[in-house]
Structure formats: C-alpha cells, structure tokens
1. Per residue, how much accessible area does the chain show when a 1.4 Å probe rolls over the protein heavy atoms, in square angstrom?
2. Once a ≥ b ≥ c are taken as the square roots of the eigenvalues of the Cα gyration tensor of segment 210-343, is the result rounded (a/c under 1.5), prolate (a/b larger than b/c) or oblate (a/b not larger than b/c)?
3. Once both axes come from the Cα atoms, what is the angle between helix 101-110 and the longest principal axis of the chain, in degrees from 0 to 90, rounded to 10?
4. Calculate how steeply helix 172-190 sits against the longest principal axis of the alpha-carbon atoms of the chain, using the helix alpha-carbon long axis, and give the answer as 0 to 90 degrees to the nearest 10.
5. Mean residue ellipticity at 222 nm from the helices of the chain, using -39,500 (n - 2.57) per DSSP H segment of n ≥ 4 over the full residue count, to the nearest 500 deg cm²/dmol?
6. Student exercise: in the chain, how many lysine pairs 8 or more apart or on different chains have Cα atoms under 25 Å apart?
7. Given R₀ = 25 Å, FRET efficiency for Val393-Glu145 by Cβ-Cβ distance, to 0.05?
8. Using each residue's phi in segment 420-435, evaluate 6.51 cos²θ - 1.76 cosθ + 1.60 at θ = phi - 60° and report the 3J(HN,Hα) Karplus result to the nearest Hz, with x for Gly and Pro.
Amino acid sequence: MLEAIFWGSILRVSQAVIQAAPTILVGLLVAGIFRRLLGHEGTRRLFGAGTRRELPQAWLIGMILPVCSLGVIPVAREMRRAGISGGTVLAFALTAPLFNPISMLYGLTLSAPLVILSFAFATMVVVTGVGSIWDRLFPNSAVTEPEPAPVDFGYKRMLAIGFVGAREMSGATLLYILIGLSGVVLLSIVLPSNALQTTMEHSNPFAPLAMAGVALPAYSTPLVVMSQVGSMFQHANSVGAAFALLTLGAGANLGLVAWGIACYGWKRGLGWLVVLLAIVLSISYAIEYPLHPREIEPPGHTHAFDIYCRPFDADSSDLPAIVKAKIDEEVQPYERVALTALGAFVVVGAGLRLLDRRVRIEDLLERKSGGARRIDVDVPAPVLGASALLVLVGISIVGCYLYYPSPEEVFDEMRIMRGEVLTAGLSLNHKQAAQYIPIWDDWTRRLQVGAFIREGTLSPYRRMKAKIFRDRLEFLKHAIEEGDADESREYVAIVDTAYLRMRREFLDKR
C-alpha cells in the first residue's frame, strides 16, 4: 500500500511538472519583461492601474497570455512590485490560467459554443467580483517596491531578463511552485484509485462543493481542464462542478494561496480565498440547472477525474518501471526543452546567489557603457517590452496552427490510432483500449479546430459526423470494459464505418 502511494505520488508530480514546464517558462519571461523592459510605470499603464478599467483589463490580458496557475506566480509577484492593487493582482493571477487561445478553441468543440462563452463570461464575473470586493475590504494594498536601475540596450538587457527568471526559479517562486505541487501529492494520498467516478453526477447536490475541495489543491493546465469540462458535458455530469473545476482547478493552487497569504497577511490572504470560494460556488449552483444538457442520458460514472486520484492499486507490481514508461510515453519534445530550460534557470539562479557574496552581476549590467557601436539601435525599453508581449500573443496564435494541424495531417495520425483501437476491440485488450481511445477522441477535436481556423467555418454536418464517431467510440469503450466479445466486435465495425464517413466528409468534400 505504501509503495503504491509513494510511486503514485511520484508519477502525479512528474506529470504535473512536465505539463507545467512550458507555461512556467512563459511566466518567467513575462516577469522579466515587466521588470527590465516595461518597468513599474509601464506595467501599471499596461493594466490601467488606478482606472475603472483596471479589473476588466487584467481579465483580458490574462485571457491572451499562455500561462498556468504555477506560471502566473512570478508574473503576479512582479505586478505587486510595480504597485498594482492587490485586488487586480489576485484577479489577474486567477484569470490568466483559465483560458488561452488554444484551450478556448478546444473548448468550442467540446460542447455548445454558448456554454463555453457563458463560462468565459462567468469567469469575468468571478474575477471582477473577487477583485472589487477584496479592494473594498482591504483598501490601499498597493505597495511599490524600489525599481531596479535601467540597463543599457543590447545584450545586457537580454541577459537582465534572463537573470530575472533565474533568480525567481532559485528563490521564493520555486518555493511557491513546490507548495502548489504538494497539492497533487496530497490528492494522490487521500483519494484512492477511481474514487471520483460517481461523485460529480448531476444528481449529487454536493457535486460543486466536492469539486471545489478537489480542484483547489489539484494542478491542471487550461487544456487538460477544458477537455475534462467537455467530458462532463458529454456525460451530463454536474455543470456546477464543471465550472468549479475550471475556475479552481485551472485558476488556483495551494502555491498561489500561500503566496497571497505571505504577501498580504493571513487575514487578507484567507479573505481572498473565502470570497473566491463564495462567488465560485454561488455561480456553480446558479448555472447547474439552466445549462444542464437534458437531452443526454448520464452513464452513471466517468473516468475523467482519475488523474486526481491515486494511479495504482495496492496490489500493483513493478511500479518504478511503470512510472518510467508512462513518463517517457507522455512527455513531448517541446516539454523536454522547457524542462531543460527550467533546470538551467535553477542552476544559474543558484550560481548568482553564491556570487552575490562577492559581486552582484546585475550591478555590472546596470553600469553605463562607454558608448554605443554603430550597429546598435537604441529601442526604448517600454517599446521593446510591448513588442515582446505582442510576440508572445503571436506565438500563441501560431501555436494554435501547430497544435491543430490540417485535416490531412490529422488523418495521417489517426491511422495509427485506428489500428490500435480496432485491434484492442477485437482482442478485448482493456489496457490498450484505455490508452488509445482517449487519444483518438482527442484527435477528432483537433480535427474540427484545425479545419475551422483554416477555412473559417465548420459546417453542422461535419460537426455531426465527428460527434457520431465519438459516440460510437464511447460505445466501443464500454463494450470492451464490460468484456462482451460479441458486442465489442460489432462496435469495431460500427466505429470503423463512422470513421470512414467522417474522413470522407472532411477530406473528399473540401
């Protein structure tokens, strides 16, 4: 039992670190841009500090920056140093991880667009409500820290931005990230395998409350949470629980709560958490019945939340090898690059702190140079900072096209999934089916988004063909789980027919 808990915790933390690495890297870069390029005044101007648009502006900026609830911590720390009010800082820290262009597009394929847009509007209500109430309860929370001396243009500014990230990853930010990851360990210890299969049903009046208790210590990226929210709608689970999962699972974590308490004190930090929970749960219960998909017959259980539970049973064996194989299987090339970069930041940051006993590198960078070379062009730091932020937004847009390939590329990938899933159905291979059916389902979502962003439209007939295929795939999954060989073979043929019709609709009729 203890071995299953230990290796289960290792697996869950490893998965969280791998998923978080790219967005933490983005957060460190944004923090460096705020400090070394925009400066305190430029950062305050960006967020409209002191104006009525401050909170909505923070919500909008958070929507377009690709960070997660761990990656937002260094950004929030820099906003506080710039003298932005606590309500706006905490509102931005909550909203930035909720949506980004990739997860928003993905969400539009999971359920009715009205539902996702309603969720987006509801998050704005949460953000502005929490920020406004917190600022009223605790006014004058903005405290501007001394601004670092400017750095000459050229390579020095680029190094200074990198050193900001290095110091953050070797200091308090790393501590808060570790606290945030501790919630993942806590859930893997407390929740046995498959413990949440029936908890989030629409018929359970405590589902939103239960989800709030799970989502707050959990860590999830916006894309993972969006896929789970879509799964909850497809299975007619609790809509209120889905909203609680989105706002608390993607938007908050224990590290963010710890940072709020450390910065603003126990009273203000816990006050923010209480107000947040009160507003989220109020909206969750308010939308439970109006948005519930009544046309869907709930299956009575779901595996969508197994990722928050202990991954192994007490009788599991050879766990170290299983953990290693699963991590090797899940990690993507870009995640490996991000993990390497984060490791370099930690090492460089530790080296900078050791050097501080003799000389502070930033002091050398801040010294005025003797003169500029002819090839140097002095671009004002605020202009460069604004351009860098626009580039990040542009990268998010380009990332949409990379994450959602063209239909031709998608169907090339689906050929592998088709062989694996149909083989699993014919042989009743539960493990193989559990591994590849969700991947095949996910590719259909990416197929729809890829077609939409390239053609500007997605016909209802295409949507219907994709939905029919996913429904048939779900039936095949249940047949394999039940061990019914005849039914499984029957659904293998049905799934393949639905797949070929979907393929013809997306490729042959273009």
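1. Ligands and nucleic acids excluded, the result is 44 Å² per residue.
2. Judged from the Cα gyration tensor, segment 210-343 comes out oblate (a/c at least 1.5, b/c at or above a/b).
3. Tilt of helix 101-110: around 20 degrees.
4. Taking Cα atoms only, the helix is inclined about 20 degrees.
5. Using -39500 (n - 2.57) per qualifying helix, the result is -23500 deg cm²/dmol.
6. 10
7. Working: r = 27 Å, r/R0 = 1.09.
With R0 = 25 Å, the Cβ-Cβ based efficiency is 0.35.
8. Couplings: 5, 5, 5, 5, 4, x, 6, 9, 6, 8, 4, 5, 5, 5, 4, 7 Hz.
The values are calculated or read from the model by the stated rules, or taken from the named source; none is laboratory data. Everything numeric here is computed off the predicted structure, so don't read it as measured data. Neighbour counts are summed over all protein chains in view; Cβ atoms, including those assigned to glycine, are modelled from backbone coordinates with ideal geometry. Note: accessible area is taken over every heavy atom of the protein model, side chains too, but ligands, DNA and RNA are not part of it. Shrake-Rupley method; radii C 1.70, N 1.55, O 1.52, S 1.80 Å.
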